[in-house]
Amino acid sequence: MLEKLNQEQEVLMYATKDKYLKKFFSLTKINKEKATKFIKWLYSFSNLKEPMVLFVDSPMACQLACNIMIGKDISQVWNQVRDQVGNQVWSQVENQVRDQVGNQVWNQVENQVWSQVWNQVWNQVENQVRNQVLSQVRDQIWNQVRDQVGNQVWSQVRNQVWNQVRDQVGNQVENQVRNQVGNQVWNQVENQVWSQVRDQIWNQVGNQVLKYFNFGYYADYSDFRWISFYDYFKQIGILKNKEFTQYKKLIDTGIFMTVQLDGLCIISSMPTKIHRDGIKLHNPNGYAIEFADGYGQYYLYGVYFSPEDFDKVKVMTAKEALNIKNMEQRMAVLKLFGADRILSEIGAKLIDKSTRGNELYSIDGITSKTEKILKYECPSTGRVYTKFVKPHYESADLAQAESHHFTLEQYNNLQWEA
């Protein structure tokens, strides 16, 4: 059993992490032929019938395409959704679904008024498409398909791979590789990009006129964490698994997210642009993540802003920023503005400045009472921040100490040791 990595294996561990991060952030253009082949293999592997595979440009487009394909009242969807996602995204989805499903069906819809023709035409669509491709989609998507694909992959690929690795490496090696490869890839790819996009799509679509379809947890970039982790063991000769070798080809197809239905898989291409500050999505000038059809999402330091809220930030004063109700958004905007701008705009008065660089200010006019703000530097990043503290403080160091649940003596000792 492998109990300790040698120097060469440790170097490879970091190289593997960098390789997978580079793979993701290169934003590979989708290879439709390879992606189709892989998805059909996955369905076959999971004992499901071969699906029709449709390609769209963004995760939001996946949701729109699903709603088109299951026969929702398209005129209703159009009228209520166009303001949310924009004409460009909707038009792209229309064209992509039409081209891929077939002009024969689509032209029957396109040549007549949506609201009058849809119910008549859908009977023909149902015979030509739905019964052949989408049987039992409604109400059974999650249980029948997503769980089957997920459980099959988990039991036949991940469990086999895990058993092979576990039998050959000790806990120390496993934890070392997980921390340096799997977790770091997860923090930058799945946690900071994939999960953020998925959650905000849910917020935009959920409880709206559109029916929300769950994105898959396999066959997209959420796989990066576990694939990168086990690929390391494959490279050092610990793992030999045919299914895993086949499955990890996914990484090179350019698939970003998928909705997996019975007989149908809708695939979103990778974003065209991703802007970050460190590992967090961030762009003060526009979309932090953007897709080819024009759909995008706004983030400041990893915190999501709706288009309306993002526009407000552009013209917001420091006083207005201090009164943002959402704490995460407030902290992100204050960080963007910077401590000096904030303190200058609100007319803050310096009360105390310590030798450690902490500065305590008093402010009037934010609320009905005199408030206190602490300006301080993060020791790990060197960045300067501001935060409200309790109004009774007269000492900058005491305010900083107690905000971290230290006594002043403990804080002084901690600073001395640092």
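Rounded to the nearest angstrom and listed largest first, the equivalent-ellipsoid semi-axes of region 188-241 from its Cα gyration tensor are 33, 11, 4.
Note on region 257-332: semi-axes of the ellipsoid equivalent to its C-alpha gyration tensor, largest first and rounded to whole Å, are 30, 13, 11. Roughly how many whole Å is it from the C-alpha centroid of region 310-327 to that of region 346-417? When both Cα centres are located, 22 Å separates them.
Remark: region 309-399 projects, on average over all directions, an area of 6.1 nm² (convex hull of Cα atoms).
Semi-axes of the equivalent ellipsoid of region 266-418 are 34, 20, 11 Å, computed as sqrt(5λ) over the eigenvalues of the C-alpha gyration tensor in descending order. Between the beta carbons of Glu50 and Asp18, assuming R0 = 35 Å, the FRET efficiency works out to 0.45 to the nearest 0.05. With a Förster radius of 41 Å applied to the beta-carbon distance between Asn31 and Asn175, the computed FRET efficiency rounds to 0.70. Using a 7 Å offset from Cα along Cα-Cβ at Lys390, what residues in region 331-358 end up with backbone N under 12 Å from the label point? Zone members listed by number: none at all. If I take R0 = 25 Å and measure r between the Cβ atoms of Asp311 and Asp199 in this structure, what FRET efficiency does the formula 1/(1 + (r/R0)^6) give, to the nearest 0.05? For Asp311 and Asp199, the calculated efficiency is 0.70. Which part of region 18-35 falls in the paramagnetic zone of Gln235, meaning amide N under 13 Å from the point 7 Å along Cα-to-beta-carbon? Backbone N within reach: 18-23.
We did not get these values from a lab; they are worked out from the coordinates using the rules stated. All values reported here derive from a predicted model rather than from experimental measurement. For neighbour counting, all protein chains shown are included, and Cβ atoms are generated from backbone atoms with ideal geometry for every residue, glycine included.
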